[in-house]
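A short write-up of the structure that comes next.
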Amino acid sequence: MILKRHLPLIVVLLMFSCGKNTVTNSNDYSKYLSEKADKSALIANAQQWTDKLNENPNQYPYLGKRAAAYTTVFDATGDIDYLIKAEKDLKQAVEITKGKTTSYLKSLASNYISQHRFKEALELLKQAEENGDKLTGTQKMLFDVHLELGNYLLAESYLKGFKNMSDFDYLIRLAKWEDHIGNLEGAILNMEKAKVIAEASNLKGMKQWSYTNLADFYGHAGEIEKSYNLYLKALEIDATDAYAKKGIAWIAFSYENNPIIAQNIIDSITTYYTAPDYQLLMAEIADYNEDELMKTSAIGRYNDMVENKNYGDMYNAYNIIVYTEEMLLPERAIEMANHEVENRPTPQSYDLLAWSYFKNGNVEKANEIIEKHVDGQTFEPAVLYHIAEIYKAKGKSEAVADLKKELVASLYELGPTMESKINQL
């Protein structure tokens, strides 16, 4: 087993052996908490393209414009119905142009990526690649999809094919690759370079994206103050950025052990942003507070939300954890995990399958899957925790001891509810 994604010991000691840590300041972010995405204005923007289409039904480019407007509604509010509306328009545009317009193929592929329909996205991108135009952009998306599907050799091949150390798109993908192989330092270095390019371009979208993603990496590395400051910079650009607010909430919860502030921030987000996973964060905060009623309510809301068929496979990974940890339905989890492995045969998917078998009492099967498909192939802390529990059940004490060191170093990323579980390994 090779463990590379770790924090320096001094950082771990500073984070978890001292008194209360404080990084956030309500004076910095409170002004953003009342800011909400104006859904009605965003929908009105989409409606103008509907009006134009009604006036000129043969002007199919309006389909692409309306799809982009619908996607903006989804990005700002988390309302899945608008992602599906965008899909319908893009499919129609692709059909009308008989798949010869690369931009429509790529837009539909991007939509499918958002829906975790990676295999369908791959087929569209292969078609776009055959078209031959705008090839570099297509190859960048092919890297993204192959990485999501666990086709790592192909992903690396595409990455090498469009190498350009002065290109923002290349650097953010190189950072993603370095993180995948466990080189967090390299991931941060390349994302910092991408941030410089984004700031020089002065394009709001690029800056905001680089700030939040670099903030994530800094958090993983224990550089919490840097992470916090970048989330604030993202909010300066867009005061409704739910992801940046969630990042600050996580710092308050996991680093500062202040669940009240974290809950207040999440409450402010959910007034306009409706993604189901925010309910699971509420459940985690309630669990930390030993508030069983609030936890049950949050999980109930999550389950109600994911009943919406438009979510498709987007929340499979979350659902599997809910089935194994909260609802005690490991058989259902095994079924869903097998489906996830079929759709997306990555180490993370196989981990979920192994964990489902483990929670169903089949330690041998779980261990077999971990050894064959997971161990040494990913450095995600949640996966490493599952490996450690399964290996503990198999009596692999030396391997568990190594994993425990890595997990202690990843407590910020895992959250405070995991500390006692890790200590018991």
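Of note:
- For region 130-231, the average shadow cast by the Cα convex hull is 6.9 nm², which is a quarter of the hull's surface.
- Whole-angstrom gap from region 17-59 to region 144-167, using each part's C-alpha centre: 31 Å
- Members of 204/245; 36/65; 394/421; 365/396; 88/207 lying beyond 19 Å, as alpha-carbon distances in this model show: 36/65; 88/207
- Portion, in percent, of the accessible area of the chain that falls on carbon or sulfur, probe 1.4 Å: 49 percent
- Summing Cβ point charges (Lys, Arg +1; Asp, Glu -1) relative to the Cα centre of region 144-271 gives a dipole of roughly 220 debye.
- Cβ-derived FRET efficiency at R0 30 Å, residue 88 paired with residue 296, nearest 0.05: 0.25
- Modelled label reach - residue 304, point 7 Å along Cα→Cβ, region 57-94 residues with backbone N closer than 16 Å: none
- Rounded to 10°, Cα long-axis angle of helix 118-131 versus longest principal axis of the chain: 40 degrees
- Acute angle (nearest 10 degrees) that the helix 39-55 long axis makes with the longest principal axis of the chain, alpha-carbon atoms: 30 degrees
- Cα centroid separation, region 232-283 to region 345-367 (Å): 31 Å
- Prolate/oblate/rounded label for region 36-102 (Cα gyration tensor, a/c 1.5): oblate
- Region 338-425 shape via C-alpha gyration tensor axes, a/c threshold 1.5: prolate
- Cα-based shape type of region 231-274, given that a ≥ b ≥ c are square roots of the gyration tensor eigenvalues and the cut on a/c is 1.5: oblate
- Residue-normalised accessible area of region 81-205, given per residue in Å² at a 1.4 Å probe: 47 Å²
- Here the scattering of region 58-185 is modelled by Debye summation over its C-alpha atoms, one equal scatterer each and no solvent; at q = 0.10 Å⁻¹ the log10 of I(q)/I(0) is -0.34.
- Full extension of the chain segment joining residue 201 with residue 421 gains 74.6 nm, where the gain is 0.36 nm per residue of separation less the Cα-Cα distance.
- Region 195-228-region 104-135 distance, computed between alpha-carbon centres (Å): 27 Å
- As computed over region 238-395, the Cα convex hull volume per residue (Å³): 139 Å³
- Rounded to 10°, Cα long-axis angle of helix 102-114 versus longest principal axis of the chain: 30 degrees
The values are calculated or read from the model by the stated rules, or taken from the named source; none is laboratory data. Just so you know, these numbers come straight off a predicted model, no measurement behind them. Neighbour counts are summed over all protein chains in view; Cβ atoms, including those assigned to glycine, are modelled from backbone coordinates with ideal geometry. When the accessible area is computed, the model is the full protein with side chains, heavy atoms only, and any ligands, DNA or RNA have been set aside. Shrake-Rupley method; radii C 1.70, N 1.55, O 1.52, S 1.80 Å.
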